[in-house]
Amino acid sequence: MAALLAPLAAGACGGGQAELPAPRPIIVHSGERLHADPDSMEEVHRWLTSTIEVIEEDPSFWIIGEPAARSAYVWESVHIVTPDSVRVEYERTHPDALTSHQVYAFLHIMDRQGRLLDFVPEAPVGDTYGVEKAILERVADTWLLGRAVFATSPYDPLDHLMYSAENGWLDALILTARPDEFEDRREAWLRENPGGPEAFRQWFRDTFDQEPPGVEETPGE
């Protein structure tokens with residue numbers, strides 16, 4: 001079972017065989033734009049529709065959506081309640097974000113159940129970081145579908161994820177926000193990209209006018 005999903009899920013499930021609306025450009029306050037590929041959005045829509053059906057109908061787990069007062073990245077929002085149930089917090093003023101948070105929780109449940117490859121066949125099972133990145137790529141695609149096709153409202157944590165994934169900064173986002181969780185992978189990334197942290201920080205600040213997660217604001221900047 002699963003909690004009721006947000007408006008994005010309704011759009012996905014209600015699409016049937018009808019053609020999706022043409023994706024619209026996405027823009028943030030800095031003027032940075034994203035343009036979603038129509039064929040890619042059709043593929044993401046099919047994947048999300050079938051995934052939501054499993055979330056709603058599979059009795060082997062339970063995802064509980066819980067409104068919260070604060071915003072959160074998807075990796076901050078999932079709390080294990082029992083081995084087969086998780087609680088997903090989402091900001092109550094941004095209900096459109098719930099579906100993407102639930103997809104993140106669902107894919108981690110599938111990983112624990114040994115079923116992840118049924119939904120994310122490219123995931124390198126057994127590689128903790130690789131699995132996390134593959135899951136976040138799917139979540140970013142889900143949010144891109146919502147923003148470009150279903151006109152979901154902007155939401156900073158998911159916009160950060162989506163823009164990072166679309167601009168080749170997903171590794172940087174994960175390894176900056178969660179350095180202790182993926183310490184070995186971060187060290188390897190720093191060796192391969194010695195200028196990576198500062199380049200990512202500058203891109204993030206230019207795009208969102210704030211520091212990336214995991215980097216403290218510098219007074220006076």
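Taking only segment 153-188 into account, find how many residues are farther than 24 Å from Ser30 by Cβ and either among the basic types (Lys, Arg) or surrounded by 20 or more Cβ atoms within 10 Å (Cβ to Cβ) (or both).
Adding up the residues that qualify gives 3.
So if I check each of Ile80, Ile63, which one is in a strand (DSSP E or B), among the hydrophobic types (A, V, I, L, M, F, W, C) and at pLDDT 95 or above?
Ile63 is the lone residue from the list that is in a strand (DSSP E or B), among the hydrophobic types (A, V, I, L, M, F, W, C) and at pLDDT 95 or above.
For residues that are among the hydrophobic types (A, V, I, L, M, F, W, C) and in a strand (DSSP E or B), scanning just segment 83-97, find the one that is farthest from Thr142 (Cα to Cα).
My answer is Val86.
Looking at (1) among the aliphatic types (A, V, I, L, M); (2) closer than 19 Å to Val44 by Cβ; (3) part of a helix (DSSP H, G or I), which is the one condition that is false for Ala123?
Of the numbered conditions (1) among the aliphatic types (A, V, I, L, M); (2) closer than 19 Å to Val44 by Cβ; (3) part of a helix (DSSP H, G or I), the odd one out for Ala123 is (3).
Which of the residues that make up segment 164-187 are of a type in the set (Asp, Glu) and assigned to a loop (DSSP other than H, G, I, E, B)?
If the condition is that a residue be of a type in the set (Asp, Glu) and assigned to a loop (DSSP other than H, G, I, E, B), then Asp180, Glu181 are the ones that fit.
So Glu53 fits all but one of (1) closer than 24 Å to Lys133 by Cβ; (2) touching a residue at least 40 places away in the same chain (Cβ under 8 Å); (3) among the charged types (D, E, K, R); what number is the exception?
(1)
Would you be able to tell me the number of residues in segment 14-39 that are surrounded by fewer than 16 Cβ atoms within 10 Å (Cβ to Cβ) and among the aliphatic types (A, V, I, L, M)?
Qualifying residue count, segment 14-39: 3.
Residue by residue through segment 139-152, note down the ones that are surrounded by 19 or more Cβ atoms within 10 Å (Cβ to Cβ) and hydrophobic (A, V, I, L, M, F, W, C).
Val139, Ala140, Trp143, Leu144, Leu145, Ala148, Val149, Phe150 - these are the residues of segment 139-152 that are surrounded by 19 or more Cβ atoms within 10 Å (Cβ to Cβ) and hydrophobic (A, V, I, L, M, F, W, C).
β-branched (Val, Ile, Thr), over 20 Å from Pro21 (Cα atoms) and more than 18 Å from the chain's Cα centre (by Cα): is that true of Val125 in this structure?
yes
Out of the residues in segment 78-113 that are charged (D, E, K, R) and in contact with a strand residue (DSSP E or B) (Cβ under 7 Å, 6 or more places away or on another chain), which is farthest from Asp156 (Cα to Cα)?
Let us first name the residues in segment 78-113 that are charged (D, E, K, R), namely 84, 87, 89, 91-92, 96, 111-112.
Retained after the next criterion (residues that are in contact with a strand residue (DSSP E or B) (Cβ under 7 Å, 6 or more places away or on another chain)): 84, 87, 89, 91-92.
Numbers: Asp84: 29, Arg87: 21, Glu89: 15, Glu91: 11, Arg92: 14 Å.
Ranking the candidates gives Asp84 first.
Which residues, counting only those in segment 146-179, are more than 17 Å from Trp75 (Cα to Cα) and charged (D, E, K, R)?
Selection gives Arg147, Glu166.
Return only the number of the condition from (1) assigned to a helix (DSSP H, G or I); (2) within 16 Å of Asp159 (Cα to Cα); (3) without any contact (Cβ under 8 Å) to a residue 40 or more places away in the chain that Arg70 does not satisfy.
Result: Arg70 passes all but (1).
What number of residues in segment 120-134 are among the charged types (D, E, K, R) and loosely packed, with under 12 Cβ neighbours inside 10 Å?
Residues in segment 120-134 being among the charged types (D, E, K, R) and loosely packed, with under 12 Cβ neighbours inside 10 Å: 1 in total.
Just name the residue that is surrounded by the fewest Cβ atoms within 10 Å (Cβ to Cβ) out of those in segment 201-217 that are part of a loop (DSSP other than H, G, I, E, B) and without any contact (Cβ under 8 Å) to a residue 60 or more places away in the chain.
Glu216
Results for (1) under 16 Å from the mean Cα position of the chain (by Cα); (2) surrounded by fewer than 16 Cβ atoms within 10 Å (Cβ to Cβ); (3) not assigned by TED's automatic domain parsing to the domain that holds Ala148, shown as yes or no for each residue.
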residue	(1), (2), (3)
Met41	yes, no, no
Trp47	yes, no, no
Thr51	yes, no, no
Asp58	no, no, no
Trp62	no, no, no
Arg70	no, yes, no
Ile80	no, yes, no
Arg87	no, no, no
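The values are calculated or read from the model by the stated rules, or taken from the named source; none is laboratory data. Just so you know, these numbers come straight off a predicted model, no measurement behind them. All Cβ positions, even for glycine, are placed from backbone atoms using ideal geometry, and neighbour counts span all protein chains on display.
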